[in-house]
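Have a look at the structure below before the remarks.
The values are calculated or read from the model by the stated rules, or taken from the named source; none is laboratory data. What you are looking at is a predicted structure, and each value in this text was computed from that prediction instead of being measured. Cβ sites come from the backbone with ideal geometry, for glycine too, and all protein chains shown count toward neighbours. SASA here: full protein model, heavy atoms, side chains in, ligands and nucleic acids out. Shrake-Rupley method; radii C 1.70, N 1.55, O 1.52, S 1.80 Å.
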Amino acid sequence: MKSAENVSYRDIKNTRFPTSLFVAYLMILLLMSGFHTGLIVLMNELHINKIIQSIIPLIYWGIIAIGITLYTKEKIKKTYEEPMHRLAEATRKVSNGDFSVYVAPTHTTDQLDYLDVMILDFNKMVEELGSIETLKTDFISNVSHEMKTPIAVIKNSAQMLQLQNITDEDRKEYTKTIEHAAGRLSELVTNILKLNRLEHQKIMTNLESYDVCRQICECLIQFEEQWEEKEIEMDLEIEDKAMVKADEQLMELVWNNLLSNAIKFTEAGGKITVCQTSDASGVKVSVKDTGCGMDKQSIAHIFDKFYQEDSSHATEGNGLGLALVHRVIHLMDGEIQVVSEKGKGSTFTVLLPMEE
């Protein structure tokens, strides 16, 4: 399938009727005029009746006019009408919700004209619309699934609390379960709202200069209890100070997500290394763990909304954290890279432009 992205617009023909066609028309008419002159001379030499001499040129030019008209009509039909009819039919199908439509260009890639490019752009638009429709369907399905689980937990625990013969210990356990499920539901809704706001935001207005080293240390302290509980070795290699210009609140979300995932997927007794360096190109922060790691398929989809390597969704989280991280880094004009191997851990590296 050809794509308009692979077309060089400098090589596109600006007309569907080449100059050679008009030159051919001119040469044919000049040739026919020569025949006409020769025909008049011949009829005079043969002393043909004057009336016949008048009728024969009319018939001659009538045949030529009809031929040129039919040829021109066929040329217009092939050049404009048929492609436009195909495009109109495809547009009608798309308007009815069919995003599998594809309109073939008239010419090959090396002979494209502006109408061919318009058709290629139409095909690209339909492909994007189909992707958006698929994403919307998947989004609704995933949201429904993610909400269904904590709601079911809350419902079951509430039903158990209504029993008469439960102990105080069980009552506390069910109450704690409800609180935990409600927290997951609240986090899901909050992340959906955050992601929706960030996806519609094109320009950051809350950019400010701050010390990213200080922020990373503050975020690490928040997870101290969790990594100590799992007896994880935390190795911190950062500079004394590194100034960046970014949205401090959103960048805190980035570090919290990366650190939370590293702790979550690192087995007890494992190791997490947080390394920060800076040079003329910017500030680089990497979070490396010795956890379960990911395969190539997971790496390719790790920043997709609701994607979780555990398809059963049994692990904590809702698959929105890394999607938020990716969007925030993009808004900060930064980059995020992932290196991972199944069973050997993962390394997430964030590159941020340094404060000018």
Given Val143, Val153, which one is out of contact with any Lys or Arg (no Cβ under 7 Å at 6 or more places or on another chain), within 30 Å of Phe303 (Cβ to Cβ) and at pLDDT 85 or above?
Val153
Criterion: assigned to a helix (DSSP H, G or I), closer than 30 Å to Asn123 by Cβ and at pLDDT below 80 - qualifying residue of Thr79, Thr91, Thr106, Thr72
Thr79
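Does Lys271 count as in contact with a strand residue (DSSP E or B) (Cβ under 6 Å, 6 or more places away or on another chain), under 17 Å from Lys230 (Cβ atoms), in contact (Cβ under 8 Å) with a residue 12 or more places away in the chain and open to solvent by 10 Å² or more (accessible area, probe 1.4 Å)? Break it down into steps so the answer makes sense when it comes.
Working: in contact with a strand residue (DSSP E or B) (Cβ under 6 Å, 6 or more places away or on another chain): yes; under 17 Å from Lys230 (Cβ atoms): yes; in contact (Cβ under 8 Å) with a residue 12 or more places away in the chain: yes; open to solvent by 10 Å² or more (accessible area, probe 1.4 Å): yes.
Yes: the conditions hold for Lys271.
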Across segment 224-251, what is the number of residues that are open to solvent by 70 Å² or more (accessible area, probe 1.4 Å) and not basic (Lys, Arg)?
11
Check segment 48-65 and report whether any residue there is on the phi < 0 side of the Ramachandran plot, open to solvent by 70 Å² or more (accessible area, probe 1.4 Å) and under 55 Å from the mean Cα position of the chain (by Cα).
no
Can you confirm whether Gln222 is touching a Leu at 6+ places or on another chain (Cβ under 9 Å) and touching a residue at least 60 places away in the same chain (Cβ under 8 Å)?
no
Tabulated pairs, segment 67-87, first surrounded by 13 or more Cβ atoms within 10 Å (Cβ to Cβ), second among the aliphatic types (A, V, I, L, M) and outside any helix (DSSP H, G or I), C-beta under 7 angstrom, 6+ apart or interchain
Arg86/Val103; Leu87/Val103
Checked segment 291-324 for anything farther than 26 Å from Met354 by Cα, modelled with pLDDT of 75 or more, of a type in the set (A, V, I, L, M, F, W, C) and assigned to a loop (DSSP other than H, G, I, E, B); matches are Cys292, Met294, Ile302
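Out of all the residues in segment 286-302, which are aliphatic (A, V, I, L, M) and within 22 Å of the chain's Cα centre (by Cα)?
Here is the first cut: in segment 286-302, the ones aliphatic (A, V, I, L, M) are 287, 294, 299-300, 302.
Passing the criteria: Ile299, Ala300, Ile302.
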Residue list for segment 48-66, restricted to those being touching a residue at least 12 places away in the same chain (Cβ under 8 Å) and either among the polar types (S, T, N, Q) or within 26 Å of Val103 (Cβ to Cβ) (or both)
Gln53
Is at least one residue of segment 275-282 buried (at least 17 other Cβ atoms within 10 Å of the Cβ) and either in contact with a Ser or Thr (Cβ under 6 Å, 6 or more places away or on another chain) or among the β-branched types (Val, Ile, Thr) (or both)?
no
